[in-house]
Structures are given as structure tokens and as C-alpha cells.
Amino acid sequence: MADRPAWTREGEALAVAGVDRISDLTPEWAWGGADGSGVRVAVIDSGVDADHPALEGCVDAAAGVAFVMGGDGEVVAEPGRHRDAFGHGTACAGIVHTLAPAARITSVKVLGERLQGKAAAFLAGLRWAVNEGFDVINLSLGTRRRDWALPFHEACDRAYFGGSLVVTAANNVQRRSYPSLYASVTSVACNTATDPMRFHWNPDPPTEFLARGIDVEVPWVGGQTIRSTGNSYAAPHISGIAALIRSKHPALRPFQVKTVLWATAVNVREAGEEVDIAGKLSRRMASGPPVAGGR
Amino acid sequence: MSAVLDEIVTAAVDVTAASVGWLLRVEGDELEVVAAAGGDNPGARVGRRVPVSGAAGFVVTSGQPAAIESPPGDESNVGAGGLDGNPAGVLAAPCGDEDVVGVLEVARPAGSSPFTIDDIEEVALLARVAGAALEAADAMAAVPSPAQLGRELEELAAARPARYAAIARMLDAVLGQG
């Protein structure tokens, strides 16, 4: 909670450096020259194979934690190095690393071979990552159970107000999945791009952004590399780009990072350029052609 | 119900141009093949239990559909769906409304085209239908048959005739008419 009344902020100058207008939010301003330095990314998934050569040592294996179900049905945290149960966490970490090579990645393992109580482990992992204050939290998973909706909502709001950007995988078709439905997260589905930096804004929420997720080459368990398709690979693309933005502009709040993502999305930028061209044309037409002898 | 499930799997195989497909139901900490299509004698795979691993394992625990193209050395999908070999590519989607109760999965052989995002969405839609069928089957399994219900009521009536006499008379009338 804030320790001073909100109105006392009104006299402060809180402009974002280098941004006088929305059109100043360009890719160059947003992430030009950034490599993810100083940014911590949590990958909440099936674990990460920290020794995979494609990850080039970007994973803080000792800082990781696995959440498993104890014998009495309680969630138990097991700190330290762990293996990837399926390969998916390694894949997501690999995508983030490709885009933001200097970002440090921590694995929060919540998916395993045992099926019981996975939503509880998932929530415990998210709460842990929020408490740790990661800059970006990648969640390429979700739950459809309504009875978990409120606890996930609370955790995501806490992340949002605490400064952690939670990036979740959504469905291309509307399907209930928590926490991807919440405004406090950045929800991502696939586009058809092959360029990892080519992402789009979706004006039809709750899915807000579209990023690469089709036929993506990703690291996998056993030191291998596979090609895979799914929205769960689109989310780490936005996580990686967000890591670049937060690396260059660490003071930005989650809603500002979302705004930068919106302004730099391909379809918003291209539309803006068209509007700009149209505006210039209309101004030129309004002024009329030069007329000899005119006033 | 098994005919419905078989048709759903067959539709998933046809729409994705896959070679084989199967429907897995969550059974404790394992997955059981409850329907299969394509390949040699798909019915023989029904009833097999497989561990929560590979693409199906990820899908059932994450709730996210996925298509995975495996290189030759990747053994994470060996034995998927009760198959003996290692498919070149698999596509899996979760079944179920609130809980993931199963996984609809198709596989393609080496040399065929990789699965597309359209394939994922079509299989995901069929998985929703399969999930509804699995949940309906579970609900039906929990309802006793009329004969079983009749036996239980007769036993109650025999044990406490004063309390269940009226029910026993109604039951006699119904069964007598039947």
C-alpha cells in the first residue's frame, strides 16, 4: 500500500525520458541496443534443462525451485537444481534467451509427471515468483477451474502492482483459462510470423498480443532441438521482448510496458505510418496545388 | 459411447491428414487409451496405459495444446498412445471443461507435412467434443442401471419393510408391468 495520498503525486514531473508523444515509442527507443542485461525472468513451467548448450549458461539453476505435492496433499517447495519433466520449460527459456541473451532466467517448476494437485503447485509457483519480484514472469500454462480463479486473480494483481510483468499463453479460440483472462497479465496467442520480433496487437481482448508460435525451433530435453507449434511458444516471445524493454527502461511499470508493446506492434506501427502518410496527403490536398497568379 | 469416441478420433486423423490417432483418458497418475484410429489394428491399442510423458504429458498437465516435430534422436514420444514406434510428429490437445480429463492426440509419419496451426485448432475443437463425451460417460457410469436400482430397493424393503413397504409395492407394480 502507498504510504502517502495519491493526490500528492500530482505536482511531480513523471514524464518518460525521450517520449514527448506516443509516436516517439518506436522499436529503436523501446529496445534498440538492449540485450536483457539486469533483467530477471521467471519461467513457470515443467522445469528448465539449465545445462542445455542453447541456453549458454543463462539459467540460475541454483536459484530455481520446484513445487511438488507432498504426501498430505500440501505443496512443498524444493529449492535448487531440477530436471525438465517434458522439455517445454527448456523450450520457453530458449526462446527468451534467443531474444534477450543477457537476461537471467530462473526456472520455477510446477509441471511434473504426477497429475494430482497441479493447480495448487502452479499457484504456489506464481506466488513465489511474485514475491521474488521478477521483472518478467512467463506462464505458458493455465487452468480452467473456476475455483482457482480468485487466487490467481489476486496473485496477478499483486504482480501488476508490484512491478512484475506476467506474460501468459492464451487460446486462439475463446476458451476459459486462468490467469490469461485477467487485465493484469499480458495474454499472448500465435500469429503467422516467422520473424521472432514481429508481433501484433489484438484489439479484441482478453488476448492482447500475437507473436511467433508456429514451427519454432526450440531447445528440448536431452540437449536436443525440436520444432514445435503452439501458443505456449508465443508467450515467451513477448516475454523476451518485454525483457529487452525492461532492460533499457527499468523504471517502466507493467502497464507502461504493455503500452510500449502496443505502440511497437507491427500492425499499430504500420497503421500509424499509413495514417501519417494520409495526413500529409490530406494536408497537401487541402492546401491545394500551386496556382499561377493566385492569392 | 466407444463408437462416438472412435468417430472423434477418426475425424481428428482425417482432418489433419495424420496416420494414427488416439484418445487418452486420465486414470490416476496414468493415461489410458480409450479410442484409437488408423494404423494396424487400432482396437488393439485400446486399454493400454501409458505414463504421463511426452507431448500428451505436457498437454494434460499444462492445459495447452501443442504440436511437436521430433528429430530422430528425440525419444520423448516413444510409445505414445500405445504405439510401438516413435512418431515423427505429434499433435495433442486437452479434453475437458474444468479439469483436463483426457488428451486427443494424432501422429504423422516421417516425410509428411508438419502439423499447422489450423490442425491444432481443429483438433482442439474435436478435443472439446471428446471431453464432453468422456465427462458424459463418467456421469453415466455413476448412475445405477434400472435392474441394479431395483435390487437395491428390494433389499431395503426386505430389511425395513415398514419404512419401504410403499416403495416396494410401487416397485412390484413397475417391475410387474415391465
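What follows draws every value from the coordinates through simple rules; no lab data is involved. Quick caveat, the model's predicted, so the values are computed rather than measured. Every residue, glycine among them, receives a Cβ derived from its backbone with ideal geometry; neighbour counts consider all protein chains shown.
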- prompt: What net charge do the residues around A:I95 carry, taking every other residue with its C-beta under 15 Å from that of A:I95, with Lys and Arg at +1 and Asp and Glu at -1?
  reply: -4
- request: Treating the angle as unsigned and between 0 and 90°, give the value, to the nearest 10°, between the Cα long axis of helix B:146-159 and the longest Cα principal axis of chain B.
  value: 40
field: Label-point gap, in nm, between B:V4 and B:R49 - each point 7 angstrom along Cα→Cβ
entry: 2.6
message: For A:L165, what residues show an amide H to amide H distance below 5 Å, using hydrogens built from the backbone and excluding near sequence neighbours?
response: A:V136, A:I137
message: Need the C-alpha centroid separation for the stretch A:188-213 versus the stretch A:1-66, integer Å.
response: 19
- prompt: What are the semi-axes of the equivalent ellipsoid of the stretch A:120-172, taken as the square roots of 5 times the eigenvalues of the Cα gyration tensor, listed largest first and rounded to whole Å?
  reply: 17, 13, 10
- line: Interchain or sequence-distant (5+) residues whose placed amide H lies within less than 5 Å of the amide H of B:C95 are B:V101, B:G102, B:V103, B:L104
Bridge type composition, the protein assembly as shown - antiparallel percent by DSSP, nearest 5: 65
- prompt: What are the principal axis extents of the Cα atoms in the stretch B:1-67, in Å, biggest first?
  reply: 26, 24, 21
query: Top mean-square fluctuation among B:G39, B:G111, B:G85, Gaussian network model of chain B, C-alpha springs under 10 Å?
result: B:G111
task: Choose one of A:F134, B:P94, B:G43: the residue whose Cα lies farthest towards the positive end of the charge dipole of the protein assembly as shown (beta-carbon charges +1 Lys, Arg; -1 Asp, Glu; about the Cα centre).
output: A:F134
field: Rg and Dmax [Cα atoms of the protein assembly as shown; Å; Rg one decimal, Dmax integer]
entry: 27.0, 116
- prompt: Where the convex hull is taken over the Cα atoms of the stretch A:102-245, what is its projected area averaged over directions, in nm²?
  reply: 8.9
field: Cα gyration tensor category, rounded, prolate or oblate, for the stretch A:82-158 with a/c compared to 1.5
entry: oblate
field: Magnitude of the charge dipole, the protein assembly as shown, Cβ model with Lys/Arg +1 and Asp/Glu -1, debye to 20
entry: 1300
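Where nothing but the Cβ of Lys and Arg (+1) and of Asp and Glu (-1) is charged, how large is the charge dipole of the stretch A:87-137 around its Cα centre, in debye to the nearest 20?
That gives the stretch A:87-137 a dipole magnitude of about 140 debye.
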- request: Springs between alpha-carbon atoms under 10 Å, Gaussian network over chain B: tell me which of B:A12, B:A130, B:A165 tops the mean-square fluctuations.
  value: B:A165
- request: Report, as a whole number in µm² per second, the diffusion coefficient that Stokes-Einstein gives for chain B at 37 °C and 0.692 mPa s using the Kirkwood radius over alpha carbon pairs.
  value: 184
- prompt: How large is the charge dipole for chain B, taken about the Cα centre, if only the Cβ atoms of Lys, Arg (+1) and Asp, Glu (-1) carry charge, to the nearest 20 debye?
  reply: 700
message: Below 8 Å between Cα atoms, with a sequence gap of 6+, how large is the relative contact order for chain B in percent?
response: 19
statement: Nearest-0.05 FRET efficiency for A:E56 and B:V143 at R0 = 56 Å, using Cβ-Cβ distance, is 0.45
- prompt: Using Cα pairs under 8 angstrom and six or more residues apart, how large is the relative contact order of the stretch A:86-173, in percent?
  reply: 27
message: Using each residue's phi in the stretch B:128-145, evaluate 6.51 cos²θ - 1.76 cosθ + 1.60 at θ = phi - 60° and report the 3J(HN,Hα) Karplus result to the nearest Hz, with x for Gly and Pro.
response: 5, 5, 4, x, 4, 5, 5, 5, 5, 5, 5, 5, 5, 5, 7, 8, x, 5
- line: Residues meeting the amide H criterion for A:V75 (H placed from the backbone, H to H distance under 5 Å, 5 or more places apart or on another chain) are A:G70
